[in-house]
Amino acid sequence: MDTILIAVAVVLFVAQSAALKNVKTVSLRQNLLSTSLSSGIIAVALWIWSVIIRPSYQGVTLIYGSLFGIFFVITLAVYYFAMQSGPLSYTSFFFASSMLIPAIAGLVFWGEPLTWNVGAAIALFLAAFYFITVLGGPKGGKFSKRWLILCILTWACNGSLSIFMNLQQHYLKDAGLPAESSQMMLVTFTAACILALAGSAFPGRKDGSSFKADAASLKSSVLPIVLVAVGTGGGNVLTAYLTGVVPSSYLFPVVQGSTMVCLTLYSLLLLKEKINTSGKIGILIGVCAIVLINI
């Protein structure tokens, strides 16, 4: 059953990234408004569930859920702009390889043993980064510094989401309390909706476009935004649940690694993106690292 849920989560995250690529925004304000709308859709669905079920809420769920929501808004913003600045296949690699962060955190903070395959996988990921960022640019050159910075921020911020999820689950498990995965996601997306909406009140376009005009411009992206909400909400709820029943050293590599592979195939087959030899080698090395870390 867990394997099926992991597969569904992967499909949902692929849908999230594919739909996000089609959300047409040209400014930070529009990006925040689209994030607020998709987060609001998820929050409303979870609030309806909460009213019907009336679950309990621990203080730790409120804290880590809020932190998750804040970093989620930041992650989605930088990931979006990274995708707009470079090819989806390479950008998604940084997004997926953020699994290194919870893996290293497990070694440093949670006393997990450093096995040979984990160490070798980390080394392979470093090699993959080199092939993609240094050798994988157009005609062997480098990508823009802006794209690289955005990808690094995407890597760091997305990895931190797994940390918050793990911390909440470990705390409740150690205290002998039931998991509150759906409750945490309710707090997360409520906080994300409010934060993104509040942030959109400040930045605007250089041409002086109004808040109303920016909001109206998103009408053409309503369907992709709804699909982003379905993929984001469903994928994160499933992952939050699985965090409590599947070891993180297995869960996050499989989910994020499989998402990366599927998005690469999507970009090659459907988007017709051109990936040079070095980029393909880098992605292949990354896939090998994902397989190795699960041995």
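The values are calculated or read from the model by the stated rules, or taken from the named source; none is laboratory data. This one's a predicted model, so the numbers in the text were calculated from it and none came from an experiment. Virtual Cβ from ideal backbone geometry, glycine too; neighbours counted across all protein chains shown. Ligands, DNA and RNA are stripped out before the accessible areas are found, and what is left, the full protein with its side chains, is counted by its heavy atoms. Shrake-Rupley method; radii C 1.70, N 1.55, O 1.52, S 1.80 Å.
With respect to LEU186, determine if the residue is in contact (Cβ under 8 Å) with a residue 40 or more places away in the chain and either farther than 30 Å from ILE52 by Cβ or of a type in the set (Asp, Glu) (or both). Here the answer is no, as LEU186 does not meet what is asked. Please indicate, with yes or no, whether at least one residue in the stretch 177-194 is modelled with pLDDT under 85, part of a helix (DSSP H, G or I) and over 17 Å from the mean Cα position of the chain (by Cα). The answer is no, given that none of the residues of the stretch 177-194 is modelled with pLDDT under 85, part of a helix (DSSP H, G or I) and over 17 Å from the mean Cα position of the chain (by Cα). Are there any pairs, at least 6 apart or on different chains, whose C-beta atoms fall under 7 Å, with the first in the stretch 252-273 and touching a residue at least 12 places away in the same chain (Cβ under 8 Å) and the second part of a loop (DSSP other than H, G, I, E, B), and if so, which? Between residues of the stretch 252-273 that are touching a residue at least 12 places away in the same chain (Cβ under 8 Å) and residues that are part of a loop (DSSP other than H, G, I, E, B), the close pairs are PRO253/ASN294; VAL254/ASN294; SER267/PRO87; SER267/GLU273; LEU268/ILE275; GLU273/PRO87. When LYS139 is tested against (1) assigned to a helix (DSSP H, G or I); (2) at pLDDT 75 or above; (3) open to solvent by 30 Å² or more (accessible area, probe 1.4 Å); (4) over 26 Å from LEU292 (Cβ atoms), only condition (2) is not met.
Select from the stretch 238-295 the residues that are within 15 Å of PHE129 (Cα to Cα) and open to solvent by 60 Å² or more (accessible area, probe 1.4 Å) and list them in ascending order. Within the stretch 238-295, THR277, LYS280, ILE281, LEU284, CYS288 meet the criteria. I'd like to check something: does the stretch 167-175 contain any residue that is open to solvent by 10 Å² or more (accessible area, probe 1.4 Å), in a loop (DSSP other than H, G, I, E, B), modelled with pLDDT of 85 or more and of a type outside the set (Phe, Trp, Tyr)? The answer is yes, given that some residue of the stretch 167-175 is open to solvent by 10 Å² or more (accessible area, probe 1.4 Å), in a loop (DSSP other than H, G, I, E, B), modelled with pLDDT of 85 or more and of a type outside the set (Phe, Trp, Tyr). Of everything in the stretch 119-133 that is out of contact with any helix residue (DSSP H, G or I) (no Cβ under 7 Å at 6 or more places or on another chain) and open to solvent by less than 50 Å² (accessible area, probe 1.4 Å), the residue that is modelled with the highest pLDDT is GLY119.
Quick one: would you say ALA215 is open to solvent by 20 Å² or more (accessible area, probe 1.4 Å), over 26 Å from VAL51 (Cα atoms) and part of a helix (DSSP H, G or I)? Yes. Here is a check on your reading of the model: is CYS157 under 24 Å from TRP47 (Cβ atoms), open to solvent by 10 Å² or more (accessible area, probe 1.4 Å), assigned to a helix (DSSP H, G or I) and not aliphatic (A, V, I, L, M)? Considered against the rule, which asks whether it is under 24 Å from TRP47 (Cβ atoms), open to solvent by 10 Å² or more (accessible area, probe 1.4 Å), assigned to a helix (DSSP H, G or I) and not aliphatic (A, V, I, L, M), CYS157 comes out as no.
As an exercise: evaluate THR264 against (1) at pLDDT below 75; (2) touching an Asp or Glu at 6+ places or on another chain (Cβ under 7 Å) and give the number of the one condition it does not meet. That leaves (2) as the condition not met.
The single residue among ILE63, ILE53 that is under 21 Å from the mean Cα position of the chain (by Cα) and among the aliphatic types (A, V, I, L, M) turns out to be ILE63. Take the stretch 79-103 and flag every residue that is open to solvent by 10 Å² or more (accessible area, probe 1.4 Å) and of a type in the set (Val, Ile, Thr). The answer is ILE101, and nothing else.
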